[in-house]
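Written out below as structure tokens is the structure these notes cover.
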Amino acid sequence: MRVVGVDFVDQSDEFDRQAVIYFEAPGRVDFRALLTDLARALQARIDLRQIGPRDAAAILGALGSCGREVCCATIGPLRDPLPQGLAREQRLPNNPSQFQGTCGRSMCCLAYESELYTDFRQRAPRVGAQVVTGQGEGVVVAHAVPLDSVVVQLGEERVTCRASEACPLATPRPAPARHG
């Protein structure tokens, strides 16, 4: 058992005090003996609530690999499991440990950012497309979705520009096959 948080509610003189104890445990645990000892020590009614790893991360808070506070704490933990394809859709490495949150589950931000990636793919020129930018003509060699940008190879130089500033060149139609 790992205690994650405690809410101590001192309601009034007319009502009992109550302590709500949030804990994590690998399985179902019987704490009847512990309840009586805690109730006597705290002189309050005890409510033990077993929570999952995402809820524990929301209570404890932490910094994610992006350097910001974990999504579970700022937005709230997801209630549904994440679809397997989200990491692939966002072109993350095929190693689950690299997109695992502090809770040990897939990072919630994968679900929150999914719409951003879908929208970007619909608007931005694909990798390999010929484009015109403010600096000249080139080929898209990478996407930077969080920055809403594309990386364009212009001869020997690579430049990053907003996806909306990279205009695809008209692709020439293939010449009709000649029979004869």
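The values are calculated or read from the model by the stated rules, or taken from the named source; none is laboratory data. As the structure is a computational prediction, the values presented were derived from the model and not from experiment. No Cβ is skipped: glycine too gets one built from the backbone with ideal geometry, and neighbour counts run over all protein chains shown.
Scanning the range 46-65 for residues that are in a loop (DSSP other than H, G, I, E, B) and either at pLDDT 75 or above or surrounded by 15 or more Cβ atoms within 10 Å (Cβ to Cβ) (or both) yields ILE51, GLY52, GLY61, ALA62, GLY64.
ASN94 satisfies every condition listed in (1) assigned to a strand (DSSP E or B); (2) surrounded by fewer than 13 Cβ atoms within 10 Å (Cβ to Cβ); (3) of a type outside the set (Val, Ile, Thr) except (1). With respect to (1) in a loop (DSSP other than H, G, I, E, B); (2) of a type outside the set (D, E, K, R); (3) surrounded by fewer than 18 Cβ atoms within 10 Å (Cβ to Cβ), the lone exception for CYS103 is condition (3).
Between ALA129, ALA87, the distinction of being within 11 Å of the chain's Cα centre (by Cα), surrounded by 11 or more Cβ atoms within 10 Å (Cβ to Cβ) and modelled with pLDDT of 75 or more belongs to ALA87 only.
Over 28 Å from ALA62 (Cα atoms) and assigned to a helix (DSSP H, G or I), is that true of ARG126?
So ARG126 fails the test.
For ALA129, the conditions (1) touching a strand residue (DSSP E or B) at 6+ places or on another chain (Cβ under 8 Å); (2) under 13 Å from GLU165 (Cα atoms) are fulfilled apart from (2).
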